[in-house]
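J.: Quick one: structure below, then a few questions.
Coordinate-derived values only; no laboratory data. Computed from a prediction, not measured in an experiment: that's the story for all the values here. Cβ sites come from the backbone with ideal geometry, for glycine too, and all protein chains shown count toward neighbours.
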Amino acid sequence: MSELPLSTTADAALQAAPATKARGYWATVGRRILRDKVSMACAIVLLLIFVSAILAPWLGLEDPYKGSMIRRLRHIGTSGYPLGTDELGRDMLARLIYGGRLSLVIGILPVILAFCIGTSLGIIAGYVGGKLNTAIMRTVDVFYAFPSVLLAIAISGALGAGILNSIVALTIVFVPQITRVAESVTTGVRNMDFVEAARASGAGPLTIMRVHILGNVLGAIFVYATSLISVSMILAAGLSFLGLGTKPPEPEWGLMLNTLRTAIYVNPWVAALPGAMIFAVSICFNLLSDGLRSAMDIRN
Amino acid sequence: MTTTEPIAMLEPVEDRGGVAQPLLQVNGLTKHFPVRGGLFAAKRTVRAVDNVSFSVAKGETVGIVGESGCGKSTTARLLMHLMPRDDGDIIYDGMTVGQSLSLRELRRGMQMVFQDSYASLNPRLTIEESIAFGPKVHGMADGAARALARELLGKVGLVPANFANRYPHEISGGQRQRVNIARALALSPRLVILDEAVSALDKSVEAQVLNLLADLKREFGLTYLFISHDLNVVRYISDRVLVMYLGEVVELGPVDQVWDSPGHPYTRALLAAMPSSDPDRRTEKPPISGDPPNPIDPPTGCRFHTRCPFAEPLCANATPKLTALDKMGHEAACYMAIPGSGHSRAPGEETA
């Protein structure tokens, strides 16, 4: 066996499949999610809720703080009050839309904060490994050992009531969960040959984490974090319900659910409305993250 | 390529030792992995690479062969300084890493192509970005690095316009391995370690890539360390060959000498195990029986004595040293090759 008969580079020509237009990974993901009907429906619902919450003062709604003793607990469909009134006679439609502002912020902001902190911690723990990994992960496990509701209540209780404190509490609740996901995805990627190859080319750990690890783990963590938004909204609502988050008369879905609880036998439909909003937003975020997950699995 | 301005390549690590200086000298390379047993189990170690020594001359291709798990890939990773070694010296062109040569310089001087062409490319980066990554790490500007990447794509036989912006999953295994070769070459290395680089490819693609490697060697003046379990391929591409068994070198020498007169029974068994295309010379009996022993607590003495048809009591006592068989650098670690060793088949003591 001294000579192999095949030519070396002449075969290059036959590899010349038509040049595909350069399309980035995220552009492809975007295109795929646009074709997913369920995800798009959820995205539209969320978009409507977001836009109306942002534009609330300009929608010509009733004053959400102005009550009236003579028109308490009107039913849904009462003229002038399309969604009825609450136990103090305030317009439910206005309160639900204004309430979205606060509810969405305390639903999403803790997740974004926890996403940033948890991803950094997880990638460092996963990539560096060894003692640093043990230190980070065991610390995280201590927090993880508590049920998240209990932990949120405990931290909120310790910090005192208030919106800012409940955001901090929820962030602390979510950091361990995201860190664990980030760490496990990173350990999976770290041992792959392309990371070895990057090390072999002389790149430092920070460059490798930024160029080679981050891009490959972000997707999975992002999907997980999206699913946490619904949990965060429910926990935030729970904190407000217990009086640890928002204070009356501020409109916020969890707090509204709490105060309308007394009216559940008088006017159950109106009392259930804030819960329905929380449910709608949560399920939309969940379905959207599911759609995102399948859109990002691009290899098929 | 029809570029007007010349493509800049990274300056290769300077040739300091001259032609006589081996590009790579390895002395007593050792790596043991601790095995975690039960709580009260005794601590045990896998002797993945045990006291391996060899050298690679400039412009040479050295093949390393052996069964799976004999420490070939561990050796490659140790040479690349991708894992810390327990003992031994790795001398690159007369320089030791950490003394006269920085790790960063070594990374430019020595590159590696991995077996799994898919896993060794970042799925989120385009081919061009993957190749340009190394030069950028070493301070090349983005534009220049991309131009170099396209130039190298041409060199490995891929049309840059068609491939530069593709992702690894969009191209075939053979094409990906070409990309990996281009990525290794992007740092202007003088030594390229090919760790089973063609083993996962089908035969016709394998032949193309081997020819490509031969062309690139000529064009860039490369030195190869070619690791494979495929003896035909090793014979085709190598000048010298190293046979490993359970983490030790059992035989080394010029490829023709080793093939024509193997000095170690393990090498003989390996060569006999090669399927022959001649039906009259079909292999009737397995030349070697059983699996290699567990590398955790390997056999004492010569590690091959448990499977060797010529084993004698002395083989289990002490490890035979690599001994010269002729004056051409052919060495084997077997008592049958050591004059006066006490083995019944050993040649008589020479008095010269």
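J.: Can you list residues from other chains, or at least 5 along the same chain, whose modelled amide H is less than 5 Å from the amide H of B:Gly253?
T.: Amide H neighbours of B:Gly253, under 5 Å, 5+ apart: B:Val241, B:Glu331.
J.: Here's something else I'd like to know. Unpartnered cysteines of chain A (Cβ-Cβ under 4.7 Å counts as a partner)?
T.: A:Cys116
J.: Let me ask another. Can you figure out the FRET efficiency of A:Ile54 with B:Asp239, using R₀ = 56 Å and their beta-carbon distance, to the nearest 0.05? Walk me through the numbers before you get to the answer.
T.: Numbers: r = 72 Å, r/R0 = 1.29.
Result of the calculation: an efficiency of 0.20.
J.: Let me ask something additional. Assign one of three labels to the stretch A:46-111, namely rounded, prolate or oblate, based on the Cα gyration tensor with a ≥ b ≥ c the square roots of its eigenvalues; rounded applies when a/c is under 1.5, prolate when it is not and a/b is larger than b/c, and oblate otherwise.
T.: Working: a/c = 2.41, a/b = 1.94, b/c = 1.24.
It comes out prolate by the Cα gyration axes.
J.: Further question on the same structure: Show the residues, 5+ positions off or on another chain, whose built amide H is closer than 5 Å to the amide H of B:Tyr245.
T.: B:Val250
J.: Distance between Cα centroids, the stretch A:135-185 to the stretch B:123-158: provide it in whole Å.
T.: 43
J.: Short version: ³J(HN,Hα) in whole Hz for each residue of the stretch B:44-54, in order, from phi by Karplus 6.51 cos²θ - 1.76 cosθ + 1.60 (θ = phi - 60°), x for Gly and Pro, what are they?
T.: 10, 10, 8, 8, 5, 9, 10, 6, 9, 10, 6
J.: Here's another thing I want to ask about it. For chain A, what does -39500 (n - 2.57) per DSSP helix run (n ≥ 4), summed and divided by total residues, give at 222 nm, in deg cm²/dmol to the nearest 500?
T.: Working: 11 runs with 197 residues, N = 300.
Roughly -22000 deg cm²/dmol at 222 nm, from the helical runs in chain A.
J.: Under a point spin-label approximation (7 Å from Cα along Cα-to-Cβ), what is the B:Ala161-B:Ala272 distance to one decimal in nm?
T.: 5.8
J.: Rounded, prolate or oblate: pick one for chain A, where a ≥ b ≥ c are the square roots of the eigenvalues of its C-alpha gyration tensor, a/c under 1.5 means rounded, and failing that, prolate if a/b is larger than b/c, else oblate.
T.: Details: a/c = 3.84, a/b = 1.88, b/c = 2.04.
It is oblate, given that a/c is not under 1.5 and a/b is not larger than b/c.
J.: I need the GluC sites (Glu not before Pro) found in the stretch B:244-336, filtered to DSSP loop residues with at most 16 other beta carbons within 10 Å of theirs.
T.: Working: sites: B:Glu248, B:Glu251, B:Glu284, B:Glu331; in loops: B:Glu284.
For GluC sites (Glu not before Pro) across the stretch B:244-336 that sit outside H, G, I, E and B with at most 16 neighbouring Cβ atoms in 10 Å, the list reads B:Glu284.
J.: How do B:Ser228, A:Ser201 rank when sorted from fewest to most other Cβ atoms within 10 Å of their own Cβ?
T.: Numbers: B:Ser228 22, A:Ser201 25.
With the sparsest Cβ surroundings first, the list reads B:Ser228, A:Ser201.
J.: Something else about it: Given the pairs B:Lys203/B:Lys321; B:Lys72/B:Lys203; A:Lys66/A:Lys247; B:Lys31/B:Lys155, which are separated by over 27 angstrom at their Cα positions? Mind showing how you got there, number by number?
T.: Values: B:Lys203/B:Lys321 37 Å; B:Lys72/B:Lys203 22 Å; A:Lys66/A:Lys247 16 Å; B:Lys31/B:Lys155 36 Å.
In this structure, B:Lys203/B:Lys321; B:Lys31/B:Lys155 exceed 27 Å between Cα atoms.
J.: Still on this structure, I have one more. For chain A, what is the charge dipole size about the Cα centre, in debye to the nearest 20, if Lys and Arg each add +1 at the Cβ and Asp and Glu each add -1 at the Cβ? Provide the component values of the computation, followed by the final result.
T.: Working: 23 positive and 16 negative charges, 70 e Å.
With Lys and Arg at +1 and Asp and Glu at -1, about 340 debye.
J.: To continue, here is another question. Once a ≥ b ≥ c are taken as the square roots of the eigenvalues of the Cα gyration tensor of the stretch B:244-337, is the result rounded (a/c under 1.5), prolate (a/b larger than b/c) or oblate (a/b not larger than b/c)?
T.: On the way: a/c = 2.07, a/b = 1.20, b/c = 1.72.
It comes out oblate by the Cα gyration axes.
J.: So what are the radius of gyration and Dmax for the Cα set of the protein assembly as shown, in Å?
T.: Considering the protein assembly as shown through its Cα atoms, Rg and Dmax are 33.6, 123 Å.
J.: OK, next. Report the one residue of B:Asn51, B:Thr61, B:Leu79 whose Cα lies farthest in the direction of the positive end of the charge dipole of the stretch B:24-132 (charges on C-beta: Lys and Arg +1, Asp and Glu -1; origin at the Cα centre).
T.: Positive-most Cα among the choices belongs to B:Asn51.
J.: Follow-up question, since we're still on this one. Do any chymotrypsin sites (Phe, Trp or Tyr not before Pro) in the stretch A:172-268 lie in a DSSP loop with no more than 16 other beta carbon atoms within 10 Å, and if so, which? Intermediate results must be reported in sequence, preceding the final value.
T.: Numbers: sites: A:Phe174, A:Phe194, A:Phe222, A:Tyr224, A:Phe241, A:Trp253, A:Tyr265; in loops: A:Tyr265.
Here the sparse-neighbourhood loop sites are A:Tyr265.
J.: Same structure, new question: What are the ³J(HN,Hα) couplings of the stretch B:20-32, residue after residue, when phi is run through the Karplus curve with 6.51, -1.76, 1.60 and θ = phi - 60°? Round to Hz, x for glycine and proline.
T.: Once rounded to whole Hz, the list reads 6, 6, x, 5, 9, 10, 10, 10, x, 5, 9, 9, 10.
J.: So which residue, out of B:Leu125, B:Leu152, B:Leu213, gets the largest mean-square fluctuation from a GNM of chain B using Cα contacts under 10 Å as springs?
T.: B:Leu125
J.: Quick query: amide H of B:Thr126 versus all other amide H atoms, modeled in the peptide plane; which residues come in under 5 Å with a sequence gap of 5 or more or a different chain?
T.: For B:Thr126, no residues qualify.
J.: What relative contact order, as a whole-number percentage, does the stretch A:36-296 give when Cα pairs under 8 Å and 6 or more residues apart are counted? Show your work: numbers first, answer last.
T.: Details: 394 pairs, mean separation 69.1, N = 261.
Reported relative contact order: 26 percent.
J.: Show me, for the stretch B:305-322, the HN-Hα J-couplings you get by feeding each phi into the Karplus relation (A = 6.51, B = -1.76, C = 1.60, θ = phi - 60°), rounded to Hz, glycine and proline as x.
T.: Listing the rounded values in order: 5, 5, 10, 7, x, 10, 4, 10, x, 5, 5, 7, 7, 9, 6, x, 8, 5 Hz.
J.: Which distance in Å, rounded to a whole number, links the C-alpha centroids of the stretch B:43-118 and the stretch A:227-297?
T.: Between the Cα centres of the stretch B:43-118 and the stretch A:227-297 lies a distance of 59 Å.
J.: Okay, moving on. Would you work out the charge dipole size for the protein assembly as shown about its Cα centre, treating the Cβ of every Lys and Arg as +1 and the Cβ of every Asp and Glu as -1, and quote it to the nearest 20 debye?
T.: Values: 60 positive and 56 negative charges, 467 e Å.
Magnitude of the dipole: close to 2240 debye.
J.: Let me ask another. Could you state the orientation-averaged shadow area of the convex hull built on the Cα atoms of the stretch B:24-238, in nm² to one decimal? Intermediate results must be reported in sequence, preceding the final value.
T.: On the way: hull surface 53.6 nm².
Mean shadow area of the hull around the Cα atoms is 13.4 nm².
J.: Can you figure out the FRET efficiency of A:Tyr65 with A:Asp297, using R₀ = 51 Å and their beta-carbon distance, to the nearest 0.05?
T.: According to the calculation, E is roughly 0.60.
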